[in-house]
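The values are calculated or read from the model by the stated rules, or taken from the named source; none is laboratory data. Because the structure is predicted, anything quoted here is derived from the model rather than measured. Positions of Cβ are backbone-derived with ideal geometry, glycine not excepted, and every protein chain shown enters the neighbour counts.
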Amino acid sequence: MTPERELNIRDYARVVLRRKRIILVAFVASVLGALTMSLLQESVYAADAQMLVEPRLGAAVFERDPTLNVQNLERAIQTEIQVLEGQRVRERVRQDLELDELPPAASATPVGSTDVVSVTVRSKDPRTAQIVADAYIRAYASTRREQALDSMRLAEEQLGAKIDELATQIETAAPDQRDTLVAQQATFKERLDQLEIDAALTTGGTSVVKSADLPTSPVEPRPARTAMLAGVVGLLLGLGAAFLVDHLDDSIKTVDDLQLLTESPVLAVVPVEAPPDHRPISISEPHQFAVEIYRGLRTNMQFLGLDAPLRVIQLTSSLPGEGKTTTATNLAVVLGQAGQRTLLIDADLRKPRVHEVFRVPAQPGFTELLMGEDLDLVLTDLGDNLHVVTAGAIPPNPSELLSSHRVSTVLRDLAARYDYVIVDSAPVLPVADSIALARAVDGVLVVAQANRTPKRDVREALARLEQVGATPVGVVLNRAQSTGRGGYGYGYGYGYGGAPEAPKAAAPSAALTAAGPGDPR
């Protein structure tokens, strides 16, 4: 067995290509969902007004050194922002505008490293947003002025009390101390007079820098931006879902998957190319790329027969619908076209289809031949060195019939008359017909369908064949997707200008191409 290999960029790219529908659905669903929500959402407008905030002097009135009052401007600005966004200013706006309910909340942010604060109000009505934004600045200024006046009144009371105290001390002081106390009293009276003047002139330390403009376009919703962000999210979700689904998908996808399951060589990787009619594509479209794959499979089979006789070749699969009949019929056709006397037998005695493919009578056929009918009566000559024996009458016990010694005798006689006998048989897992037939052939060719056949089923089918000593001579990967110009099979390339590479006789392991005409089996 080939050891597990590490994933590379190409492997991830193949996962994306395989699961592109999941990614596309996630992307489109996210974008459409976001656009729908945006279109259903009401428009919201934002108005911005700006004001200048002077830091409050926190020291006592008696301290005149301004350097001691503004030590952390940024902290002071953030404090004022909290006041502006607080309930007291909001209630003041409601009273000023005579509103029945609270106005929209405001958000404030400092403008760079300045003392300017931007006040933003959002509303579904642009005019409301403009009016309320300006009202917040006025309400904040009024609130701050009231706070400043309250502080000044308290300071005035303290200064008045201090002046009265000094007046009492002056009356009882000694003559040599009286001049000093009088000087102190005069200083406090001067400060009290200045404080009264400041109280009369104070504005609260704020001023309007820019009034709010009437917003003309909404800030929400923004369909373009929303769709772009949703597209990115949808793409990421789609990629995640794609890799998850691919990880949980146990089906055969690549040649590497097959090589991890069996030591038998992958003899062909057949591309998806449907025939124009019911006939094998090697007859109806002999110049198609898929036909070259079947010719490469023919070459590989011939190389395999160099060391040991390989005249009677059984084709089977693990499950129905994987393309074994398509592979069998096309392989038989290209063998005949190469000058090999070829006989195609439909040994699928459950659901035969060879007679439908070539439009020949279903009876008499292989069943009658096993029962002793003369070969000439069941044989159909299709020309180009190709003869066909259809399934014939469906027996009640196909497994018992195919396990009889008569099958080995008939196939041995046919191998003496033909260069190749191609036997199309039933799938391995549903019934035991192919297991019984495998003992009577020279080699078994197993067909698996890419992106459909579970690995566990291929492993089980190979194990059942090995139990009866019928190790497959090779595997065909059917209905594979192209990986680029002229290349199929995930690394097994085919150039347009030449023939497919033939494997070495000692180790036939080339997968020459990828899965062809669709086959219900």
Worksheet item: Only one residue in PRO320, PRO276 is in a loop (DSSP other than H, G, I, E, B) and either over 38 Å from the mean Cα position of the chain (by Cα) or closer than 28 Å to ALA393 by Cα (or both). Which one?
Response: PRO320
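For every residue, the table says whether it meets (1) in the same structural domain as ARG138 (by TED's automatic domain parsing); (2) of a type in the set (Phe, Trp, Tyr); (3) surrounded by 15 or more Cβ atoms within 10 Å (Cβ to Cβ); (4) over 15 Å from the mean Cα position of the chain (by Cα).
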position	(1), (2), (3), (4)
THR206	yes, no, yes, yes
SER217	no, no, no, yes
PRO221	no, no, yes, yes
ALA227	no, no, yes, yes
GLY231	no, no, yes, no
GLY234	no, no, yes, no
LEU239	no, no, yes, no
LEU248	no, no, no, no
Worksheet entry | Those residues of segment 114-150 which are surrounded by 16 or more Cβ atoms within 10 Å (Cβ to Cβ) and modelled with pLDDT under 75, in sequence order | ALA148
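Residue by residue, here is whether (1) in contact (Cβ under 8 Å) with a residue 24 or more places away in the chain; (2) acidic (Asp, Glu); (3) part of a helix (DSSP H, G or I); (4) under 19 Å from VAL44 (Cβ atoms) holds:
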{"position": "VAL89", "(1), (2), (3), (4)": "yes, no, yes, no"}
{"position": "LEU102", "(1), (2), (3), (4)": "no, no, no, yes"}
{"position": "THR114", "(1), (2), (3), (4)": "no, no, no, no"}
{"position": "THR120", "(1), (2), (3), (4)": "yes, no, no, yes"}
{"position": "TYR136", "(1), (2), (3), (4)": "yes, no, yes, yes"}
{"position": "ARG144", "(1), (2), (3), (4)": "yes, no, yes, no"}
Item to complete: Look through segment 59-80, keep the residues that are touching a Pro at 6+ places or on another chain (Cβ under 7 Å) and assigned to a helix (DSSP H, G or I), and return whichever of them is modelled with the lowest pLDDT.
Response: LEU73
Worksheet item: Is there a residue being assigned by TED's automatic domain parsing to the domain that holds ARG406, in contact (Cβ under 8 Å) with a residue 60 or more places away in the chain and not in a strand (DSSP E or B) anywhere in segment 360-372?
Response: no
Response to the item:
Selection from segment 172-185 of residues part of a helix (DSSP H, G or I), of a type in the set (A, V, I, L, M, F, W, C) and surrounded by 12 or more Cβ atoms within 10 Å (Cβ to Cβ) yields LEU181, VAL182
Worksheet item: Quick check: anything in segment 221-238 within 30 Å of VAL111 (Cα to Cα), in contact (Cβ under 8 Å) with a residue 40 or more places away in the chain and not in a helix (DSSP H, G or I)?
Response: yes
Fill in: Residues satisfying the stated conditions in segment 323-351, i.e. in a loop (DSSP other than H, G, I, E, B) and in contact (Cβ under 8 Å) with a residue 60 or more places away in the chain
GLY323, GLN340, ARG341, ALA347, ASP348, LEU349, ARG350, LYS351
